[in-house]
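Readers should treat all values here as calculations from the given coordinates under stated rules, not as data from a laboratory. Computed from a predicted structure; not experimentally measured. Because the Cβ atoms are built from the backbone with ideal geometry, glycine has one as well, and the counts that use them run over all protein chains shown.
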Amino acid sequence: MIGPDFLQATRASYDAVADGYAEQFREELASKPLDRALLGWFAELTQAAGPVADLGCGPGSVTAHLNALGLPAFGIDLSPEMVAVARRLHPGLRFEVGSMLTLDLPDGGLAGITAWYSTIHVPDERLPEAFAEFHRVLAPGGHVLLAFQVGDEPVHRTEGLGHALSLVFHRRRPDHVAELLTLAGLSMRATILREPEDYRGGVENTQQAYLLARKPA
């Protein structure tokens, strides 16, 4: 059993679109210079400090980018089909099926965490639970870098890439997310906002937020 209904719906939706998603968004990161710059900054902060987990890794683009930057990065995703695609596209890298709410990782074992547009599917009432897990698995001094869409209301999508879906996208205000990270015991280091823009694979219609936090040493 995978647990709550939102986990089941999210897993089933991404299982259905895994191949098409990987194809549509395979060059997304290449067309987002700020995203790459922030991931590069994150890589410098965590270089040689230990393993890094890319949570909600999807087809593995960010995981592979971090690995190319010299980090021992691995990916975890809720969707077995997404994990299968990631393993096929990035042979030699480690990808596992799992939930950011209950990570099968030891306490304090990670130098860093990225959650690139993956906390967006976690309901508001479960977000503190996810951030508590981030704190648990991070080593003292470890960093977490989040990316998500800015907004006040969730968006429910029932179709995408030719498949029936049941996906809720939770758009949030950066100050609210920062407060939850702080309550989880993580220290805020940076909040960055970017205006919407076109990219390879789609068009944004909201501001994008990037938050960096650190577990105290």
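Dimensions of the stretch 53-173 based on its C-alpha atoms, expressed as ranges along the principal axes with the largest first, amount to 36, 32, 23 Å.
Relative contact order for the stretch 126-181 using alpha-carbon pairs under 8 Å, separation at least 6, rounded to a whole percent?
Working: 47 pairs, mean separation 19.3, N = 56.
Relative contact order here is 34 percent.
Relative to the Cα centre, the charge distribution of the chain, modelled as +1 at Lys and Arg Cβ and -1 at Asp and Glu Cβ, gives a dipole magnitude of about 540 debye. Amide H to amide H, with H built 1.01 Å from N, Leu69 comes under 5 Å of no residue 5 or more places away or on another chain. Phi angles of the stretch 201-217 translate, via the Karplus equation with coefficients 6.51, -1.76, 1.60 and θ = phi - 60°, into HN-Hα couplings of x, x, 10, 8, 10, 9, 4, 10, 10, 10, 10, 10, 9, 9, 7, x, 6 Hz per residue; Gly and Pro are given as x. Across the stretch 171-217, how large is the tail of the calculated P(r) beyond 14 Å, expressed as a percent of all Cα pairs? Summing the P(r) tail past 14 Å for the stretch 171-217 gives 54 percent.
Think of it as helices only: each DSSP H run of n ≥ 4 in the chain is worth -39500 (n - 2.57), and spread over all residues that comes to -10500 deg cm²/dmol at 222 nm. Across the chain, Cα pairs under 8 Å and at least six residues apart give a relative contact order of 20 percent. When each of the peptides 196-208, 116-128 is scored by how many other beta carbons lie within 10 Å of its residues on average, the order from highest to lowest is 116-128, 196-208. Only beta bridges with both residues in the chain are counted; by DSSP, about 55 percent of them are antiparallel. Taking 0.36 nm per residue of separation and subtracting the Cα-Cα distance, full extension of the segment from Asp198 to Leu101 would add 31.8 nm. Note on the stretch 62-190: with charges restricted to the Cβ of Lys and Arg (+1) and Asp and Glu (-1), its dipole about the Cα centre is near 400 debye. Extension gain for Arg157 to Phe6 (0.36 nm times residue separation, less C-alpha to C-alpha distance): 53.1 nm.
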